[in-house]
1. Filter the range 136-170 down to the residues that are in contact (Cβ under 8 Å) with a residue 12 or more places away in the chain, out of contact with any Asp or Glu (no Cβ under 8 Å at 6 or more places or on another chain) and within 14 Å of N87 (Cβ to Cβ) and list them by number.
2. What number of residues within the range 98-116 satisfy the criterion of being within 19 Å of Y152 (Cβ to Cβ) and not polar (S, T, N, Q)?
3. Within the range 41-57, take every residue that is without any contact (Cβ under 8 Å) to a residue 24 or more places away in the chain and farther than 17 Å from D108 by Cα and give me the one that is surrounded by the most Cβ atoms within 10 Å (Cβ to Cβ).
4. Identify the residue in the range 10-27 that is surrounded by fewer than 19 Cβ atoms within 10 Å (Cβ to Cβ) and touching a Leu at 6+ places or on another chain (Cβ under 9 Å) and, among all such residues, is nearest to R99 (Cα to Cα).
5. Can you find, within the range 151-174, the residue that is farthest from the chain's Cα centre (by Cα) among those that are among the acidic types (D, E) and not in a loop (DSSP other than H, G, I, E, B)?
6. Just give me the residues in the range 1-43 being of a type in the set (G, A, S), in a helix (DSSP H, G or I) and closer than 17 Å to V59 by Cα, in sequence order.
7. Going by what's in this entry, would I47 be described as outside any helix (DSSP H, G or I) and either at pLDDT 90 or above or not basic (K, R) (or both)?
8. Assess whether A33 counts as being over 30 Å from M123 (Cα atoms), without any contact (Cβ under 8 Å) to a residue 12 or more places away in the chain and not basic (K, R).
Amino acid sequence: MTRAGVTAERLTQAAADLADEVGFENVTVSALARGFGVKDASLYSHIKNAQDLRVRVAVLALAELADRGAAALAGRAGKDALAGFANAYRDYAKEHPGRYAATRIELDPETAATSAAGRHAEMTRAILRGYELAEPDQTDAVRLLHSTFHGYVSLEAAGGFHHHPRDADVSWSRALDALDAVLRNWPPA
């Protein structure tokens, strides 16, 4: 690739692609520069530093994941919405492991507020409207869903389910059944 083709957007996309190939933690400015056929210093006119690049990948991944989640929720309610959103989340993590890892970094409040990060909580709350949970139970349920989804996909990605006799897809389906049951029968305070 030629130097003239380097833009912040192309760098972000290339970094996201590289993250999926080699892992988010292994994405470096040097690796990107090699991919573009330029020296490291050339990239700093498009990005501030390596952390800026990491944040850009996180913002891109959060937007992609939010778009998938929104498409999965369209026209659905209750358990159907829960399963659609959860499956979109899990599928994204499987298809884009490096980008998914990027979604886990902490963003500064300004970046978080202007990125798709807030859409994830809003979509989870949209799912919960079908279960008629009021605050503060709704916040507790948002945290339950996010931690369950993240925990499952993280363990699965790390190979944590390879030595179990039950298929991971079956366990995932049963976990969603259990979450639905918990949400429908939320315990009183």
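The values are calculated or read from the model by the stated rules, or taken from the named source; none is laboratory data. None of these values were measured; they are calculated from a predicted model. Cβ: placed from backbone, ideal geometry, glycine included. Neighbour counts: every protein chain shown.
1. Within the range 136-170, L145, T148, F149, Y152, V153, E156 meet the criteria.
2. 6
3. Y44
4. That would be Q13.
5. Of everything passing the filter in the range 151-174, D169 is farthest from the chain's Cα centre (by Cα).
6. From the range 1-43, those of a type in the set (G, A, S) are 4-5, 8, 14-16, 19, 23, 30-31, 33, 35, 37, 41-42; that's our starting set.
Next cut, in a helix (DSSP H, G or I) only: 4-5, 8, 14-16, 19, 30-31, 33, 35, 41-42.
Correct list: A8, A14, A15, A16, A19.
7. Numbers: outside any helix (DSSP H, G or I): yes; either at pLDDT 90 or above or not basic (K, R) (or both): yes.
Yes, satisfied.
8. Working: over 30 Å from M123 (Cα atoms): yes; without any contact (Cβ under 8 Å) to a residue 12 or more places away in the chain: yes; not basic (K, R): yes.
Considered against the rule, which asks whether it is over 30 Å from M123 (Cα atoms), without any contact (Cβ under 8 Å) to a residue 12 or more places away in the chain and not basic (K, R), A33 comes out as yes.
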